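Step one of this worksheet: look at the structure below.
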Amino acid sequence: MLTKRILTALVLLPFAIALFFYFNLNYFSATVAVIIYLGAIEWAKLAGIKSQNQQTIYATVLSLVNVGLLLLTPWSNTISWFFISETASQVYSVVLHLAILGILLGIIIVWIYSTPQKWWTRFALRPILGFIMLPGFLIALIGIRSRAFDIDFNYGSQLLLMMFCMVWAADIGAYFTGKIFGKHKLAPVVSPNKTWQGAFGGVIFSVGAAFLGMELIGLSVDNIYLFAVVSFLIAVISVYGDLFESALKRHEGIKDSSNLLPGHGGILDRLDSSIFVAPVFFLSFSWFGWI
């Protein structure tokens, strides 16, 4: 399993570098939309949609929504993402804030998972959450990638890498800290292998990655304490993103969202935390003027 994970990561690494640093906005947006389409198929399965045809239809309709969002903007390789129409800006703001509400609901679902009343499995709530959170993920990634695009082609790429490094650091830190010090279960019903010690270690690693990224990129942070608090909250949200997907998988009796990535599982198994983190990262860093 470990060998497969390493080999898959080595294969994906050049693609990730090209996507972050060499694709223009058009190709970046289109590629991310395709990745989200594959993730939407997995989301449909985790949402209780059994038929493969229905899963494909679900992902297709969601992708049409994403394409519609992209068509609101007159994309250009030399125009920043924020030089868009007022209507598009308002729509994107609504999409991002709806994603925040979806994240909060996901956190609540993790909290109440062990209770007998699983109301969140009814009323097509899980499929609806996909239509809220996946477009939010798309818009957040494009918003981060296109920051100062007309001034420095790679500035948004560095921001995007910083965000993913915070997520990866939380994951790696939780794994090793949990292995060494883990004693007390974090969410035994949702994810029996996760511990409080591991989660704490992951959060510390993630905050450390945030401060390292701040220095390397040269973010203009006027309040270091506020930056620490926001980074801490983003790290905690990253943990909940992982737990939320675990809750969906456990309810459906699924180990991995798919077998698309050998040794890693599916698209959602790799992006679960990032889906939670991206809208929060983009909105909070924009709000405080750090990006």
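Assorted remarks:
- Residue-level analysis places F153 among those that are surrounded by fewer than 22 Cβ atoms within 10 Å (Cβ to Cβ) and out of contact with any helix residue (DSSP H, G or I) (no Cβ under 8 Å at 6 or more places or on another chain).
- Among residues of region 11-34 that are among the small types (G, A, S), those with a beta-carbon under 6 Å from a residue that is part of a helix (DSSP H, G or I) at least six positions away or on a different chain give the pairs S29/L70; S29/I142; A33/N66.
- Among residues of region 83-92 being loosely packed, with under 15 Cβ neighbours inside 10 Å and not polar (S, T, N, Q), the one that is modelled with the highest pLDDT is E86.
- Within the set V34, V11, the sole residue that is closer than 29 Å to K255 by Cα, β-branched (V, I, T), assigned to a helix (DSSP H, G or I) and modelled with pLDDT of 90 or more turns out to be V34.
- Residue match in region 174-192 (condition: closer than 30 Å to T121 by Cα, out of contact with any Asp or Glu (no Cβ under 6 Å at 6 or more places or on another chain) and assigned to a helix (DSSP H, G or I)): yes
- Qualifying positions in region 237-263 - surrounded by fewer than 19 Cβ atoms within 10 Å (Cβ to Cβ), closer than 24 Å to P188 by Cβ and not acidic (D, E): R250, H251, G253, I254, K255
- In the set (1) outside any helix (DSSP H, G or I); (2) in contact with a helix residue (DSSP H, G or I) (Cβ under 6 Å, 6 or more places away or on another chain), Q197 fails one condition alone, (1).
- Any chance R250 is within 23 Å of L101 (Cα to Cα), touching a residue at least 24 places away in the same chain (Cβ under 8 Å) and of a type in the set (D, E, K, R): yes
- Some residue of region 217-238 being at pLDDT below 95, within 26 Å of P116 (Cα to Cα) and among the small types (G, A, S): no
- If the condition is being surrounded by 14 or more Cβ atoms within 10 Å (Cβ to Cβ), of a type outside the set (G, A, S), assigned to a helix (DSSP H, G or I) and out of contact with any Gly (no Cβ under 7 Å at 6 or more places or on another chain), then region 37-53 contributes Y37, L38, I41, K45, L46.
- Within region 121-139, the set of residues being at pLDDT below 90 and assigned to a helix (DSSP H, G or I) comprises T121 only.
- Flag for D222 being touching a residue at least 24 places away in the same chain (Cβ under 8 Å), over 18 Å from L160 (Cβ atoms), of a type in the set (D, E) and not in a helix (DSSP H, G or I): yes
- Count of region 280-291 residues which are assigned to a helix (DSSP H, G or I) and more than 11 Å from I237 (Cα to Cα): 6
- For region 243-268, the set of residues classified as in a helix (DSSP H, G or I), touching a Lys or Arg at 6+ places or on another chain (Cβ under 9 Å) and of a type in the set (D, E) consists of E252 only.
- In region 217-233, the count of residues that are within 18 Å of the chain's Cα centre (by Cα) and within 24 Å of I6 (Cα to Cα) is zero.
- Hey, G213 crowded, with 17+ Cβ neighbours inside 10 Å and without any contact (Cβ under 8 Å) to a residue 40 or more places away in the chain or not: no
The values are calculated or read from the model by the stated rules, or taken from the named source; none is laboratory data. Just so it is clear, the model here is predicted, and its values are computed rather than measured. Positions of Cβ are generated from backbone atoms using ideal geometry, with glycine treated the same way; all protein chains shown enter the neighbour counts.
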